[in-house]
1. Quick one: which of V240, V174, V207 is touching a His at 6+ places or on another chain (Cβ under 8 Å) and surrounded by 17 or more Cβ atoms within 10 Å (Cβ to Cβ)?
2. Can you work out which of the residues in segment 1-59 that are in a helix (DSSP H, G or I) and among the hydrophobic types (A, V, I, L, M, F, W, C) is farthest from the chain's Cα centre (by Cα)?
3. Only one of these is over 29 Å from E113 (Cβ atoms), within 15 Å of the ligand (Cβ to nearest atom) and among the aliphatic types (A, V, I, L, M): L93, L51, L18, L41. Name it.
4. Considering segment 326-336 alone, what residues qualify as being exposed (fewer than 15 other Cβ atoms within 10 Å of the Cβ) and assigned to a helix (DSSP H, G or I)?
5. Looking at segment 293-300, is at least one residue in the same structural domain as E325 (by TED's automatic domain parsing) and either closer than 30 Å to L336 by Cα or part of a loop (DSSP other than H, G, I, E, B) (or both)?
6. Tell me which residues, restricted to segment 76-104, are part of a helix (DSSP H, G or I), closer than 21 Å to D161 by Cα and of a type outside the set (V, I, T).
7. Kindly evaluate V124 against the criterion of being in contact with a Pro (Cβ under 8 Å, 6 or more places away or on another chain) and under 25 Å from S324 (Cα atoms).
8. Out of the residues in segment 21-38 that are in contact (Cβ under 8 Å) with a residue 40 or more places away in the chain and among the β-branched types (V, I, T), which is nearest to the ligand (Cβ to nearest atom)?
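The values are calculated or read from the model by the stated rules, or taken from the named source; none is laboratory data. Note that this is a predicted model, so its numbers are computed, not measured. Please note: Cβ atoms are built from the backbone with ideal geometry, for glycine as well, and neighbour counts cover all protein chains shown.
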Amino acid sequence: MAKLNIAVIGAGYWGPNLIRNVAQIPSAQLHTICDTDQRRLAQIAQQYAPLHQTSEPSEVFSRPDIDGVIIATPAHTHFEITQQALEAGKHVLVEKPLALTSNDARELIALAESQHCILMVGHVFEYNPSVHKLRDLVKSGELGQIYYIYSTRVNLGKIRDDLNAFWNLAAHDVSIINMLLDEMPRRVAAHGFSYLQPALEDVVFAVLEYESGVAAHIHTSWLDPNKVRQMTVVGEKKMVVYDDVSDNPITIYDKGAAWVEDASSFGIHRLQTFTGDIYIPRLPTVEPLRMEVEHFLDCIRTGETPLSDGYDGLRVVQVLEAVSESLRKKGSPVEL
Ligand SMILES: NC(=O)c1ccc[n+]([C@@H]2O[C@H](COP(=O)([O-])OP(=O)(O)OC[C@H]3O[C@@H](n4cnc5c(N)ncnc54)[C@H](O)[C@@H]3O)[C@@H](O)[C@H]2O)c1
C-alpha cells in the first residue's frame, strides 16, 4: 500500500501531537511541516524529520504530491486555510472549531463536496474509547431514559485571544453530548464572565436543552486552580461518571430513584432512592488522536465519510454561536 503524503500546518502547542502521530503511522508519510513561525518550525522539523518544511502555507497547496493536509493553526485562521487547501484539491483534517461562523462552516462543506475532498474536523473525543463506552451505555438502554448530563472542563490556561473559553474548550463537550444523544439541542442559555480580557469570557456556564427532554450543563474555564475533565450522565436506571484525567475513566453507578408501591398502604406510590453496585469497565488503551488520524487516512483511501465530518463540525459551531448569542443577551434563551 502506497503511503499517503500528509502535510501538517501549525506546529505550536497541539500541532506536534498530530505531527508525531503522522510520523508514527506506517501508512502515512510526514511530507511537510508548515508554520509561519520559523523558529518553531525549525525546532519541530528537527525533531520529526519531515521530507519538507516551509513557512508558506501556499507551498503546501501548490505541491501536487501532497494528498492530505492537517490544520492545527489558531481557530480564526481555520476558514481561510481550509478553503485554500480544498480549492487546491487537498483532503483536510482541521482542528476544532471548523470555523467561527456557521455560514463559513457551510461554505467549507459545499466546497469540499464540489471538490470531492474529505473534510474532517478534529473532534478528538469522538475517537475516544471512554466516549464510545458512554455512547454504548446510552444506546443500549442500560442507563434507562437519560435525564440530564453535566460536564466540567476547567484548568489554568491556555488563555486565547481569538475566542472565549467556551469556544475553545466546549467544542469537545458539545461534540460528545450531541454524539451520545444523537441529536442537536433545541435551546441554549448561557452566562459568562470576562476578567482578563475585555469581552472575552474566561468562564462560561451554559445549559443546553434537547428535544428528547435531556438537559445538559457545560462549565468551561481557563481560570481555575484544578484541571477537571469530568462528565456525569444521570439516567433513570444507572448513572455514569466519565473522568478523562483518571486511569479508570468510566465508573458506572447502579444508583437512582424510582416510584415504588408502599408495602404498608395499598395503591400508594412513594419515591425511593436505590444504591447498588459500582462497576469500572476495562477499556482499550489507545491514543484517541492516533485513531482520529488513522480514520482520516482511511477516509482518504476509501472515500468514506468521516465520523466527525463537516456537518458534525457545523452542528458544533451552531451550538457555540447560539451560546455566544445568549451571552450577548445576558443569559436569555436562544432557539436553534
Ligand atoms: N483537540 C484538542 O484537544 C486540541 C487541544 C489544543 C488545541 N487544539 C486546537 O489546535 C489548534 C491550534 O491550537 P494551539 O494551542 O496549538 O495554538 P498555538 O498558538 O500554540 O499554535 C498555532 C501555531 O500555528 C502557527 N500559525 C498561525 N497562523 C498560521 C498560518 N497562517 N500558517 C501556518 N502557521 C500558522 C503559529 O505560528 C503557531 O505555531 C486550535 O484550533 C485549537 O483549537 C485542539
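1. After applying the criteria, what remains is V207.
2. Among residues in segment 1-59 that are in a helix (DSSP H, G or I) and among the hydrophobic types (A, V, I, L, M, F, W, C), the one farthest from the chain's Cα centre (by Cα) is A42.
3. The unique qualifying residue is L41.
4. R328
5. Checked against the condition, which is being in the same structural domain as E325 (by TED's automatic domain parsing) and either closer than 30 Å to L336 by Cα or part of a loop (DSSP other than H, G, I, E, B) (or both), segment 293-300 yields no hits at all.
6. H76, H78, F79, E80, S102, D104
7. Numbers: in contact with a Pro (Cβ under 8 Å, 6 or more places away or on another chain): yes; under 25 Å from S324 (Cα atoms): yes.
Criteria met by V124.
8. Filtering segment 21-38 for residues that are in contact (Cβ under 8 Å) with a residue 40 or more places away in the chain and among the β-branched types (V, I, T), the one nearest to the ligand (Cβ to nearest atom) comes out as V22.
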